[in-house]
1. For the structure I just gave you, tell me whether residue 137 is surrounded by 19 or more Cβ atoms within 10 Å (Cβ to Cβ), touching a residue at least 24 places away in the same chain (Cβ under 8 Å) and assigned to a helix (DSSP H, G or I).
2. Can you name the number of the only condition in (1) touching a residue at least 12 places away in the same chain (Cβ under 8 Å); (2) touching a strand residue (DSSP E or B) at 6+ places or on another chain (Cβ under 8 Å); (3) outside any strand (DSSP E or B) that residue 8 fails?
3. State whether the residues of the range 77-87 include one that is in contact with a helix residue (DSSP H, G or I) (Cβ under 9 Å, 6 or more places away or on another chain) and over 20 Å from residue 119 (Cα atoms).
4. What are the pairs with Cβ atoms under 8 angstrom where one residue, in the range 25-46, is on the phi < 0 side of the Ramachandran plot and free of Cβ contacts under 8 Å to residues at least 40 places away in the same chain and the other, located anywhere, is surrounded by 20 or more Cβ atoms within 10 Å (Cβ to Cβ) and in a strand (DSSP E or B)? Sequence gap at least six, or different chains.
5. Look through the range 110-126, keep the residues that are within 16 Å of residue 82 (Cβ to Cβ) and in contact (Cβ under 8 Å) with a residue 12 or more places away in the chain, and return whichever of them is surrounded by the most Cβ atoms within 10 Å (Cβ to Cβ).
6. Among the residues of the range 41-94, how many are under 24 Å from residue 20 (Cα atoms) and part of a strand (DSSP E or B)?
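Derivation of every value follows stated rules applied to the coordinates shown; laboratory data play no part. Note that the coordinates shown come from a computational prediction; the quantities given were computed from them, not determined experimentally. Backbone-built Cβ (ideal geometry, glycine too); neighbour counts: all protein chains shown.
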């Protein structure tokens, strides 16, 4: 089976600073992704999401179609969408990290990319940068 990867940025429709709504999103994602053989990582910062989905192309595209219809966020912007040689997040059906000020301090090189939320134009300016950021957070904050 080839692995397909999709990375996107979106803006939260409401206040997600409380844990409950993000916990609901994460629990639902883990259940759906486990059933579909999808792995990935979700980052949240300042009202924005950065997410990578990996798996069989048809399953990833079906998952993304559901995500696009979810009213809890809007302004979806796809950064990358292509096959990859190997999974970067095979340990998680959905890893998650809510980025806080202490995370800015821990990784000052990435701070400009999520200090005021994820900016799709900045993240997409360098091919592969969004994946690099996601992988780095997955490794450092696991």
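1. When the stated conditions are applied, residue 137 passes them.
2. (3)
3. Yes, the range 77-87 contains a residue that is in contact with a helix residue (DSSP H, G or I) (Cβ under 9 Å, 6 or more places away or on another chain) and over 20 Å from residue 119 (Cα atoms).
4. Filtered contacts from the range 25-46: 36/55.
5. 123
6. 15
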